[in-house]
Amino acid sequence: MDEQLKFIIEQFEKNEINYWIDSGTLLGLVRDGKLIEGDNDIDVGVWETEINKIENWLPVNLSSEQHNTKKYFYGNKVYKIKIEDNKNPLARTIDINIFRKTGDFAYCP
């Protein structure tokens with residue numbers, strides 16, 4: 001398994017963050033049994049109820065010298081957290097997509 005994907009899964013499970021593999025990452029794992037070659041990110045989905053756990057986990061586990069973390073907002077709510085490895089240009093970006101529920105629908109803006 002890809003080391004970055006393994007790291008994020010271990011960290012989320014250790015910190016009891018409910019997640020799922022999403023988008024192109026899920027496609028590659030299901031279709032090819034591995035991440036898609038040339039895909040430059042790892043996509044993880046979480047419910048918005050997990051944001052506090054993620055924000056508590058980020059500064060403790062990712063040094064600001066090695067990692068650049070960006071938050072993207074829709075209105076005043078975070079809809080994506082992007083983590084880039086500053087010291088390894090070949091590392092994939094980790095995209096944490098924040099999903100919301102409205103009635104019977106789930107969406108990430």
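Relative contact order for the range 25-85: what is it in percent, counting Cα pairs under 8 Å that are at least 6 residues apart? Kindly include the intermediate steps, with their values, before the conclusion.
Numbers: 36 pairs, mean separation 11.6, N = 61.
The value is 19 percent.
Kindly report the accessible area of the chain per residue (heavy atoms of protein chains, probe 1.4 Å, no ligands, DNA or RNA), in Å². Mind showing how you got there, number by number?
Numbers: 6890 Å² over 109 residues.
Here the residues of the chain average 63 Å² of exposed surface.
Got a sec? Charge dipole of the range 69-109, +1 on Cβ for Lys and Arg, -1 for Asp and Glu; which of THR69, CYS108, ASN88 is way out at the positive end?
Farthest towards the positive pole: THR69.
Give me the net charge for the shell around VAL78: Cβ to Cβ below 12 angstrom, other residues only, Lys and Arg +1, Asp and Glu -1.
Within the 12 Å Cβ shell, the charges total +3.
Under 21 Å Cα-Cα from LYS71, which lysines qualify once same-chain neighbours fewer than 8 residues away are excluded?
LYS53, LYS80, LYS82, LYS87, LYS101
Nearest 20 debye, what's the magnitude of the dipole of the chain about its Cα centre given +1 on Lys and Arg Cβ and -1 on Asp and Glu Cβ?
On the way: 14 positive and 19 negative charges, 67 e Å.
For this selection, approximately 320 debye.
Under a 1.4 angstrom probe, counting protein chains only, how are ARG92, ARG31, ARG100 ranked by accessible area, largest first? Before the final figure, lay out each step's value.
Working: ARG92 45, ARG31 145, ARG100 15 Å².
In descending accessible area the options line up as ARG31, ARG92, ARG100.
For the chain, what is the calculated [θ] at 222 nm in deg cm²/dmol (nearest 500), taking -39500 (n - 2.57) for each run of four or more DSSP H residues and dividing by its residue count? Numbers along the way, then the final one.
Working: 3 runs with 32 residues, N = 109.
Using -39500 (n - 2.57) per qualifying helix, the result is -9000 deg cm²/dmol.
Which is the longest stretch in the chain that no exposed loop site breaks, taking sites as GluC sites (Glu not before Pro) with a DSSP loop state and at most 13 other Cβ atoms within 10 Å? Mind dumping the intermediate values first?
Values: sites that count: GLU16, GLU37, GLU65.
Here the longest run is 66-109.
Taking the Cβ of GLN66 as the centre, find all other residues whose Cβ is under 13 Å away and add up their charges (Lys, Arg: +1; Asp, Glu: -1). All intermediate terms of the calculation are to be shown ahead of the outcome.
Numbers: positive: LYS87; negative: GLU65, GLU84, ASP85.
Taking every Cβ under 13 Å from that of GLN66, the sum is -2.
Calculate, for GLU3 and VAL30, the FRET efficiency according to 1/(1 + (r/R0)^6) with r their C-beta to C-beta distance and R0 22 Å; round to the nearest 0.05. Before the final figure, lay out each step's value.
Working: r = 20 Å, r/R0 = 0.91.
Efficiency at R0 = 22 Å is approximately 0.65.
Using alpha carbon coordinates only, what is the Rg to Rh ratio of the range 1-63, with Rh defined as the Kirkwood radius?
0.99
Hey, got the dipole for the range 1-48? About the Cα centre, +1 on K and R Cβ, -1 on D and E Cβ, debye to the nearest 20? Present the calculation step by step, with values, prior to reporting the outcome.
Working: 4 positive and 12 negative charges, 30 e Å.
Dipole size: approximately 140 debye.
Return a whole-number percent for the relative contact order of the chain, with Cα pairs under 8 Å and 6 or more residues apart as the contact set. Provide the component values of the computation, followed by the final result.
Numbers: 151 pairs, mean separation 25.8, N = 109.
So the answer I get is 24 percent.
What does the charge count near THR49 come to, summing +1 for each Lys or Arg and -1 for each Asp or Glu among other residues with Cβ under 10 Å from its Cβ? List each step's numbers first, then the result.
Values: positive: LYS53, ARG100, LYS101; negative: GLU48, GLU50.
Summing Lys/Arg as +1 and Asp/Glu as -1 gives +1.
Taking the Cα of ARG100, stepping 7 Å toward and past its beta carbon, and measuring to each backbone N in the range 8-49: which are under 15 Å?
Backbone N within reach: 46-49.
Give the Rg (one decimal place) followed by the Dmax (whole number) of the chain, computed from C-alpha coordinates and expressed in Å.
13.8, 42
The values are calculated or read from the model by the stated rules, or taken from the named source; none is laboratory data. Only a predicted model underlies this, so the values are computations on that prediction, with no experimental measurement involved. Positions of Cβ are backbone-derived with ideal geometry, glycine not excepted, and every protein chain shown enters the neighbour counts. These accessible areas exclude ligands, DNA and RNA; they are computed on the full protein's heavy atoms, side chains included. Shrake-Rupley method; radii C 1.70, N 1.55, O 1.52, S 1.80 Å.
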